[in-house]
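Asker: My structure is below; once you've seen it, I'll send some questions.
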Amino acid sequence: MHSLDAYASAKLDTLARARLKRDLIDTARAPGVLVERNGRSYLSFSCNDYLNFSHHPAVIAAAHAALDRYGLGAGASRLVTGNHPLYGELETRLARLKGAEACCVFGSGYLTNTGVIPALVGPDDLIVIDELAHACIFAGSRMSRATVAPFRHNDVDHARTLLAEHRAAHPHALLLTDGVFSMDGDLAPLPALGRLAEEFDAWLMADDAHGIGVLGHGRGSTHAHAEPAAVPLQMGTLSKAIGGYGGYLCASRPVVELMKSRARTLVYSTGLPPPVVAAAIAALDLIEAEPDYAATPVKKAQLFTRLVGLPDAQSPIVPVVVGETEATLAASRMLAEEGFLVVPIRPPTVPPGTARLRLSFTPAHPDSEIERLAALVRHRVLGKVP
Ligand SMILES: *Cc1c(COP(=O)(O)O)cnc(C)c1O
């Protein structure tokens, strides 16, 4: 065997033994929350399409119109000829929604974090980061070659201790967190983190991938707290509640200008297809026209947590922590037999011993089905007595 194939095969064997080998499963999504897998239809609680906008008629019509008028691909990096005029409109709209001076759109959320972080800090600098922050925030942090100090999840005092210990030795410091945690659904204490960052002259960046469109009247997690939060770097994605694809950073004008010259994932990667940009603008129209609709996914999630007897959902994401990987896989299979797609999440995506079912809710989930699912989770997954 060629040494390359032998290497890949041996790696795959190791992964399979550790039950870490993953497989892609063909999944066709229909409008709403139905998906088809292996010829069977399921009600999905595993999509991040929180507002069902990926199939909204107005979003589809906007993409169609742009496709007919402008074609498919952007043709080049934004800095060459890929900066379609629709970009300016989308960036103005995102900045307005987020209450920021300016905005810069990237190819995806992953490309935003891996572009922005190394453009802001370098090897002499410090990054203080929540231990449960998303993988691509850690990826961007490593690419910056800054000193990375993780703090215990949502523990502002621990973050303070790390800043007090290390801040003085570094010219610049970034404080990084998810605004809504992707596998736990809880919110970061952004007002307190904002004050901490100001105290130590650190720059707070919050990843709002799961907040935009669904929290704070659609404006996101920065705007979902009782007191205002000072978050000078608000990043997020267009790939979840916005229903399409892409990422963004909302910040001050000089910071956004700097990104356009220095963020390598913007400079050296092709711009988004114009239909995707047009679709995002249509989704923002919907969010701005009906800010109360944004609260529906959280209300659906809270119906589920009340019925199961879990702490009140703070976002559309609800974890049902089972613990062991095998038991979690079995729970997911049992729910699939009942017609529910609830994908199991296991290490290394979550810490060892915390394998879980991760559920997400949308306006299209009927209450009656949420009730049926909650009864199954309560009795057959968590073993609570009826
Ligand atoms: C999904 C996600 C991303 C990545 O966004 P994409 O647009 O899918 O690349 C970044 N951060 C968090 C917290 C996420 O959940």
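Asker: Under the Kirkwood approximation applied to all pairs of distinct alpha-carbon atoms, what is the hydrodynamic radius of the stretch 57-289 in Å?
Answerer: Kirkwood hydrodynamic radius for the stretch 57-289: 17.7 Å.
Asker: When the Cα centres of the stretch 60-109 and the stretch 257-298 are compared, how far apart do they sit, in Å?
Answerer: 7 Å
Asker: If you don't mind, there's one more thing I want to ask. First compute the accessible area of the chain with a 1.4 Å probe, then give the percent of it belonging to carbon and sulfur atoms.
Answerer: Reported share for carbon and sulfur atoms: 56 percent.
Asker: Explain nothing, just compute: Karplus ³J(HN,Hα) = 6.51 cos²θ - 1.76 cosθ + 1.60, θ = phi - 60°, for every residue of the stretch 293-301 in order, whole Hz, x for Gly and Pro.
Answerer: 4, 4, 7, 4, x, 5, 4, 5, 5
Asker: Give me the net charge of Leu162's neighbourhood, meaning all other residues with Cβ under 12 Å from the Cβ of Leu162; Lys, Arg count +1, Asp, Glu -1. Intermediate values should be presented prior to the final figure.
Answerer: Values: positive: Arg152, Arg160, Arg167; negative: Asp130, Glu131, Asp155, Asp157, Glu165.
Counting the neighbours of Leu162, the net charge comes to -2.
Asker: Taking a 30 Å limit on the Cα-Cα distance, which of the listed pairs Lys98/Lys260; Lys300/Lys384; Lys11/Lys260 fall beyond it?
Answerer: Result: Lys11/Lys260 exceed 30 Å.
Asker: At Ile25 and Ala76, where each label point lies 7 Å from the Cα along Cα→Cβ, what is the point-to-point distance in nanometres?
Answerer: 4.4 nm
Asker: Can you compute the modelled spin-label distance between Glu257 and Glu338, with each label point 7 Å from Cα toward Cβ, in nm?
Answerer: Each label point is offset 7 Å from its Cα along the Cβ direction, giving 5.7 nm.
Asker: Just the number please: accessible area per residue for the stretch 57-289, 1.4 Å probe, all protein chains included, in Å².
Answerer: 39 Å²
Asker: A further question on this structure: I want to check the label-to-label distance for Ala18 and Ala58. Put each point 7 Å from Cα in the C-beta direction and report it in nm to one decimal.
Answerer: 4.7 nm
Asker: What is the sum of charges around Ala327, taking Lys and Arg as +1, Asp and Glu as -1, for the other residues whose C-beta is under 13 Å from the C-beta of Ala327?
Answerer: In short, +3.
Asker: Which semi-axes, in whole Å and largest first, does the equivalent ellipsoid of the stretch 243-282 have when worked out from the alpha carbon gyration tensor as the square roots of 5 times its eigenvalues?
Answerer: 21, 13, 7
The values are calculated or read from the model by the stated rules, or taken from the named source; none is laboratory data. Keep in mind that this is a model prediction, so the values were computed, not measured. Every residue, glycine among them, receives a Cβ derived from its backbone with ideal geometry; neighbour counts consider all protein chains shown. These accessible areas exclude ligands, DNA and RNA; they are computed on the full protein's heavy atoms, side chains included. Shrake-Rupley method; radii C 1.70, N 1.55, O 1.52, S 1.80 Å.
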